[in-house]
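Below you'll find the structure, written out as structure tokens, and then a few comments.
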Amino acid sequence: METTVGVGERKHAEAYVLAHLEGTREDALAELERRARNHTPEHPRSPKRRRLFREGDGFLLVIDGAWQSFSTRFTVAELLDDSAAPPPPAAEPEPEVPEPGATVPPSPPSPSSPPVERYADGVPVRPSWLGRTDVQ
């Protein structure tokens, strides 16, 4: 999303990533249209007119205020590179395949994960993301 911020001589555009979506381009456009229709920018404070345009792979929202117009552009884009992306998970070693006729020892029982403490409504007491270093 690219939107107009500030007013007067300090009016400028800033860009934000709204969300990451896995799916088809049509899915992304449908979600983007929903967000564009529901978007309420900071300026103008007293909107007089609101227009939403479809443009290629996105939308243009133009809101006229008493003195100035403000615009927000919503665009579907494919992420090609992210310098702050978490590293991919380490690949698990492939299991060894025993030779034909060899005896296979029984595998040790897998440790079961401890039960998750939950409130009465089913929500976990400790969120699963708490303590993760790859989430900021």
*Can you give the direction-averaged projected area of the convex hull of the alpha-carbon atoms in the chain, in nm²?*
16.3
*Cα-based helix-to-principal-axis angle, 25-38 vs the chain, degrees rounded to 10*: 50
*Identify the GluC sites (Glu not before Pro) of the stretch 9-100 meeting these criteria: DSSP loop state and at most 12 other C-beta atoms within 10 Å of the C-beta.*
22, 42, 78, 96
*Rounded to the nearest 0.05, what FRET efficiency do residue 118 and residue 37 have when you use their Cβ-Cβ distance and R0 = 35 Å?*
0.45
*Lys and Arg at +1, Asp and Glu at -1: add these up for the other residues within a Cβ distance under 13 Å of residue 30 and post the number.*
0
*Go ahead and estimate [θ] at 222 nm for the chain from helices alone: -39,500 (n - 2.57) per DSSP H run with n ≥ 4, summed, over the residue count, rounded to 500.*
-3500 deg cm²/dmol
*Can you send over the carbon and sulfur percentage of the accessible area for the chain, probe radius 1.4 Å, protein chains only?*
54
_Accessible area in square angstrom per residue, the chain, 1.4 angstrom probe_ = 88
*Loop-located chymotrypsin sites (Phe, Trp or Tyr not before Pro) in the stretch 56-98, at most 11 other Cβ atoms within 10 Å (DSSP)*: 67
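Rank these residues by their accessible area, most exposed first, probe 1.4 Å: 12, 20, 39.
Result, largest first: 20, 12, 39.
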*Counting Lys and Arg as +1 and Asp and Glu as -1, what is the net charge of the other residues whose Cβ lies under 12 Å from the Cβ of residue 63?*
+3
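Below 8 Å, C-alpha to C-alpha, sequence gap of six or more: please give me the relative contact order for the chain in percent.
The value is 17 percent.
The values are calculated or read from the model by the stated rules, or taken from the named source; none is laboratory data. Since this is a predicted model, take the numbers as computed values, not measurements. Virtual Cβ from ideal backbone geometry, glycine too; neighbours counted across all protein chains shown. When the accessible area is computed, the model is the full protein with side chains, heavy atoms only, and any ligands, DNA or RNA have been set aside. Shrake-Rupley method; radii C 1.70, N 1.55, O 1.52, S 1.80 Å.
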